[in-house]
Amino acid sequence: MPKLFWKIFLWFWGAMLIVNCAIIFSVLSIRSVSEQSRAQSMMSLQARKAAEIYESRSPKAFSDDLRDFGQTVDMHFSLYRPDGSDVLGKPTDATTRLWISEAAQDEKTHFPRHYGPPLMLQATTGPSGAKYILSAKHASLPFAHFVHGGVGTQILRLLAVALAVALVCLALAHYIASPILHLQSVSRRIATGDLSARVRPRLTSGRDEIADLSRDFNLMAEQVETLLRSQSQLLQAISHEIRSPLVRLTLAAGLAKANSAPESDGLLERIETEAERIERMLSQLLTLARLDRGATSFPRTSVELSSLLSDIVSDASFEGSATKRSVILTHADPCLVAASEALLRSAIENVIRNAVRYTRESSTVQVSLKLHNTAGQDLAVIHVTDEGPGVPSGELSQIFKPFYRVSSARERETGGTGLGLAITDRAVHLYHGSVAARNRSEGGLDVEIRLPGLPIPTHQVPTADGFLTNALI
């Protein structure tokens, strides 16, 4: 459960609980004083009557009258002399004698503190002038008293109040926190590329500040979506428009090279090289534009990743051999992923070619694919490590942004456009994966790509090369 919800709930619950407890204790205190006053009046009157009956009737008749009256009010009555002895000769314990001696000092009603049914003692003077002390004790057993009165009653009342207040505060906290949490969820969806995400109409239809915020948020989201869509469409249109004259430029350079003097070959080759570089950049820009439109631009199929990675490594190693650099596949677990094979190939190729571009001469780029299982979910993890100079630690997260270059001069020398890793990042995230880079302690860069895997059908058996015989699901 979100922290904001619990903060609101606990603050409201605590405040309401304190207020309700204060009200309950105030009411109980007032009622306790009122009940004590009534008890004193009753005990004073009953003590006089008990003394009169005792002096005017036989002990047995007095005992019967006392028992009958006690049954009508659910209490046990006993009459004592000031020395603590029972007038009917019943035994008296030492604690009771002490209470009786204290009560005999005046004619106020005494309420001795003890565990058990409430006890009241009232001193009085009989018709003969003799002094007596009447004891009144509730007939309920201690456990029943704990449940039905006294401390037990207060505890049950507090628990009932706490539960009722908690239910009210839960509803109140949900009412306040729910719109905020929904706004947070929508903003995260927009941040991950879902530009169509909007706050639900139920929140925007109100007349409070949260409804105003929701409407403003939707307006902002619509404007952001419009701007980004327009930018993407403009980029795509410009890329398409530039491609036609670029093709003609390349063709003209080729024709001019065939009919030019030998001393002009270098300049014409330079024109062809720059034209090819612009062509690659346009292709990458179009790919980025398509990625901005979402997964619908790249239909997904079941791709056998280890076989695809083997082909990419083979091609990259062949290309790298011209500059005395090699690429090897150190490990490849059989693995299936749901993706566009062309897009996934481009994403992985960008990382491997980037590693080949920067690794030192006569060194090896190592590529591995391992299948992990986390909480029942297969996860394909690709590592591409080189032996180059690495990247400053503060710029590791920046290299996946479009047109970002650690060293502009070096990028130009190696023919980079600053778009390859950006395409990798967006393509991997399109398939709910992740890509990250870190500097190795022994030197060089390690790029890790994580992609959710698909379950491999049981009828597929790895071949001697370690690849699956069938990649279809």
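The values are calculated or read from the model by the stated rules, or taken from the named source; none is laboratory data. None of these values were measured; they are calculated from a predicted model. So basically every Cβ, Gly included, is an ideal-geometry build from the backbone, and we count neighbours across all protein chains shown. Each accessible area value is taken on the protein alone, full model and side chains, heavy atoms only, with ligands, DNA and RNA left out. Shrake-Rupley method; radii C 1.70, N 1.55, O 1.52, S 1.80 Å.
A few notes on this one:
- Sequence-distant residues sharing a close amide H with residue 419 (under 5 Å, placed H): 403
- Shape call, segment 54-136: gyration tensor on alpha carbons, a/c limit 1.5: oblate
- Note on segment 214-258: Cα convex hull, mean projected area over all directions, 2.9 nm².
- Stretch gain in nm, segment residue 191-residue 342, where the contour uses 0.36 nm per residue and the Cα spacing is subtracted: 51.8 nm
- Inter-part distance where segment 358-401 and segment 427-457 are each reduced to a Cα centre, Å: 7
- Note on segment 33-82: dipole from Cβ charges, positive end direction compared against 45, 70, 80; the farthest Cα belongs to 80.
- For the set 182, 138, solvent exposure ranked by accessible area (probe 1.4 Å, protein chains only) runs largest to smallest as 138, 182.
- Our note on the geometry: Cα centres of segment 247-287 and segment 35-91, 122 Å apart.
- Accessible-area composition of segment 307-422, carbon plus sulfur, in percent [1.4 Å probe]: 48
- A simple spin-label model places pseudo-atoms 7 Å from Cα toward Cβ; at residue 162 and residue 111 they are separated by 2.5 nm.
- Cα gyration tensor category, rounded, prolate or oblate, for segment 239-381 with a/c compared to 1.5: oblate
- Residues whose amide H falls under 5 Å from that of residue 378, counting only those 5 or more places apart or on a different chain, are 453, with hydrogens built in the peptide plane.
- Computed lengthening from residue 81 to residue 281, 0.36 nm per intervening residue step minus Cα-Cα distance: 60.7 nm
- Once the Cα-Cα distance is subtracted from the 0.36 nm per residue extended length, the residue 328 to residue 403 segment shows a gain of 24.2 nm.
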